[in-house]
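Here the structure comes first, spelled out in structure tokens, and everything after it is commentary.
The values are calculated or read from the model by the stated rules, or taken from the named source; none is laboratory data. Small disclaimer: the values here were computed from a predicted structure and weren't measured. Quick reminder, even Gly has a Cβ in these numbers, built from the backbone with ideal geometry, and neighbours come from all protein chains shown. What goes into the accessible areas is simple: the full protein's heavy atoms, side chains included, and nothing from ligands, DNA or RNA. Shrake-Rupley method; radii C 1.70, N 1.55, O 1.52, S 1.80 Å.
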Amino acid sequence: MAGKVKWVTDIEKSVLINNFEKRGWIQVAENEDWNFYWMSVQTIRNVFSVETGYRLSDDQIVNHFPNHYELTRKDLMVKNIKRYRKELEKEGSPLAEKDENGKYIYLDFVPVTFMLPADYNLFVEEFRKNPSSTWIMKPCGKAQGKGIFLINKLSQIKKWSRDSKTSSFVSQSSKEAYVISLYINNPLLIGGKKFDLRLYVLVSTYRPLRCYMYKLGFCRFCTVKYTPSTSELDNMFVHLTNVAIQKHGDDYNHIHGGKWTVSNLRLYLESTRGKEVTNKLFDEIHWIIVQSLKAVAPVMNNDKHCFECYGYDIIIDDKLKPWLIEMKVFGEGCWKVKQVNASPSLTSSTANDRILKYNLINDTLNIAVPNGEIPDCKWNKSPPKEALGNYEILYDEEMAQSDGADRDLRSRSGQSIGLKGNRARDSGKPVLTTWK
């Protein structure tokens, strides 16, 4: 009879520990033999650091890829997506097709973004093309809405940089890196309020890419009605959906936490916009997620001992176009806000939130640790459908390649362009197949 899984965690949260205990797994200390370690991003750095030289055995798995930050740091995410688009363009891929204004038709899913201070001159050039636009600034390594502000004048940037005498920034080393993105100032509103979507995606391997979408995502609403008025640019209760911000608002509801389930959003959109339009929107959201994962797959350290659950933040504009805002590592607590992309994923703000997190971890463990048995990293089979729980397969590159048939790529217009499903590349980069 197989032995029990021995687990360790450095994140003491009941939604996590209860999931281990209900499986009859055995808790051990970090310096003992373990099979499963749910660790913080700081610990994963230490485990895979060159100095540590720690080698994981075939019966050990962890909940982060070594360089997960390629996707979850705001600046690196944008950099990788830009590189991915350029590579596809160089190959002459139909995915990289542009319209008459030079915009990507199928890959325009991230707002125009620059890194500061590095791209300051490029940003100024773009800003002057449309001086009435609003931009949002975010520190690269913080979460929960910390350090975010909106600007609509170049003078505000200069003030921020504390270098108003020149048009250049102080050196990179002495100033925290920020990203500045064109603000989506025409968000879809419900009840007059702005909201975003938080969707959870599990990646079991990057090469070949295999990922799962969790069906029980949710929407996060602002507590104050939206206005594009420049007089309200400083009012974060209007613009930022982060619970860490909104919970301090006078109108915050502590029972439902200002959240809707994704299924409720879907019902609302079907009744107000129609089923076909709603299905197209969610298809496009799924498309965005798969393309973002394909963008980082070539640079991701695809260690066989790792899996990762990401929290995707998506905003929908009033034309029902979805925009990828950022991704977060699932499983960091707001009690560790100094860590890169430490999201409050295991800290629950409502009873429904606790249930969702508990079930999400349960379903994640069922895929990452099949049958709750001691892991075997040599095993690389897809779990049976009945083991997926509330997950559904979003994209399986191996399956897409083995089909070998022509596949359709859905464009934003709802039309499709044919693309061979067997365009694999020797470099190990993802094939250009559709996610469906």
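Things to note:
- The label-point distance for ASP33 and LYS215, in a model that sets each label 7 Å from Cα toward Cβ, rounds to 4.0 nm.
- Chain lengthening between GLU91 and ARG354 when straightened (0.36 nm per residue, less Cα-Cα): 90.1 nm
- The length gained on full extension between GLU276 and ASP376, counted as 0.36 nm times the residue separation minus their Cα-Cα distance, comes to 31.7 nm.
- In nm, spacing of pseudo-spin labels at LYS22 and LYS82 (7 Å Cα→C-beta vector): 4.5 nm
- Partner aspartates and glutamates whose Cα lies under 17 Å from the Cα of LYS22, excluding those fewer than 8 positions away in the same chain, are identified as GLU12, ASP363, GLU373.
- Cα centroid separation, segment 58-131 to segment 3-48 (Å): 34 Å
- Surface calculation, 1.4 Å probe, protein heavy atoms: TYR104 sits at approximately 40 Å² accessible.
- Extending 7 Å from the Cα toward the beta-carbon at both ARG266 and LEU189 defines two label points whose distance is 2.7 nm.
- Listed peptides 365-377, 20-32 appear in the order 365-377, 20-32 once ranked by packing, highest mean of other Cβ atoms within 10 Å at the front.
- Extension gain, GLU386 back to ASP58 (0.36 nm per residue minus Cα-Cα distance, nm): 115.6 nm
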